[in-house]
């Protein structure tokens with residue numbers, strides 16, 4: 001396993017914060033810490049094709065080669081593939097916990113400061129939940145609030161952040177720990193002659209990973225402030241992203257129209273959201289687009305009229321980690337901070353796209 005702590009710069013000055021149209025709010029929650037963890041094993045697309053028995057499948061070779069992923073972190077081997085989804089439960093839950101512990105350790109937090117723990121993964125059969133186990137592992141106060149969110153997947157980040165406002169208000173003086181952990185390996189199965197193409201598409205892009213985030217609404221807290229957020233579920237799109245499970249097989253199914261569905265609605269949603277904050281798209285300094293697949297990023301790029309450089313971080317995360325589901329946008333945020341080094345007063349807009357089809361928007365100011 002590897003953890004990558006990210007210590008964040010102080011929030012923008014009040015003068016800079018007012019310059020781009022949004023009044024500075026010193027009590028807006030700050031992302032005071034962010035750390036990543038993922039399996040040590042990094043597999044090339046060729047290696048994944050071999051594991052899944054797809055080296056002779058022309059369609060799979062094409063999809064794996066075009067999807068924008070070069071390598072991924074996966075806890076996947078022949079032993080895992082020899083068991084069903086149900087048979088992997090204990091292994092997957094242990095892996096999720098291991099990644100979560102390493103990511104939280106990367107934050108170097110004081111457990112006594114945590115008032116609420118929010119955890120999330122796309123699919124988990126574990127009980128007690130990841131939140132319960134983290135509280136026990138780190139010796140947090142027995143009265144720490146805990147919540148575990150399932151099934152939101154790539155769209156999880158914004159709903160999780162929206163939940164922290166009430167959590168911070170209910171526990172004055174305490175911080176919120178958010179942990180998004182994903183073991184997409186737990187859903188991958190070897191190829192069969194009856195596989196639908198949607199299974200092959202899902203097998204081409206997903207990776208394992210975890211992000212831990214510390215949020216604080218103290219006026220002196222470090223990190224970018226979350227100024228606003230919104231979630232929009234596009235009607236009539238429930239079948240676009242599904243988990244398909246039988247007694248012998250499991251996979252995440254994606255319809256080929258998904259990138260175009262999101263792209264068709266994205267510009268209007270973004271413009272309305274920014275307008276409500278007295279902003280326009282050209283005032284956004286850093287675009288954090290969900291690395292859901294090459295066509296997801298390309299359709300977002302086209303809809304928002306952005307150049308390649310504006311989305312380079314999203315393309316880089318996709319190439320090196322794949323789509324890690326629930327924590328994906330936190331990976332993009334982590335790498336944006338590392339690569340772009342945002343300056344005080346600059347604005348960032350995070351865009352998530354996931355099951356539902358749900359589009360999440362989150363406005364940040366450094």
Can you tell me which residue among 220, 185, 229 is outside any strand (DSSP E or B) and either crowded, with 24+ Cβ neighbours inside 10 Å or under 18 Å from the mean Cα position of the chain (by Cα) (or both)?
185
Enumerated helices (runs of 4 or more DSSP H) restricted to region 254-366, each holding at least 2 residues that are modelled with pLDDT of 95 or more, over 23 Å from residue 182 (Cβ atoms) and in contact with a strand residue (DSSP E or B) (Cβ under 8 Å, 6 or more places away or on another chain)
258-276, 294-304
Determine, yes or no, whether residue 204 is part of a loop (DSSP other than H, G, I, E, B) and touching a residue at least 24 places away in the same chain (Cβ under 8 Å).
no
Return the residue satisfying two criteria in turn: it lies in region 164-181 and is buried (at least 16 other Cβ atoms within 10 Å of the Cβ) and out of contact with any helix residue (DSSP H, G or I) (no Cβ under 8 Å at 6 or more places or on another chain), and of such residues it is farthest from residue 28 (Cα to Cα).
171
Checking residue 169 against (1) free of Cβ contacts under 8 Å to residues at least 24 places away in the same chain; (2) out of contact with any strand residue (DSSP E or B) (no Cβ under 9 Å at 6 or more places or on another chain); (3) not in a helix (DSSP H, G or I), which single condition isn't satisfied?
(3)
Going by what's in this entry, would residue 126 be described as on the phi > 0 side of the Ramachandran plot and touching a helix residue (DSSP H, G or I) at 6+ places or on another chain (Cβ under 8 Å)?
no
Condition test on residue 131, is it at pLDDT 95 or above, in contact with a strand residue (DSSP E or B) (Cβ under 6 Å, 6 or more places away or on another chain) and buried (at least 24 other Cβ atoms within 10 Å of the Cβ)?
no
Of (1) free of Cβ contacts under 8 Å to residues at least 24 places away in the same chain; (2) under 27 Å from residue 165 (Cβ atoms), residue 113 fails just (1)
Going through (1) touching a helix residue (DSSP H, G or I) at 6+ places or on another chain (Cβ under 7 Å); (2) modelled with pLDDT under 60; (3) buried (at least 17 other Cβ atoms within 10 Å of the Cβ) one by one, residue 52 fails only at (2)
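The values are calculated or read from the model by the stated rules, or taken from the named source; none is laboratory data. Predicted model only: the values in this text are computed from it and were never measured. For neighbour counting, all protein chains shown are included, and Cβ atoms are generated from backbone atoms with ideal geometry for every residue, glycine included.
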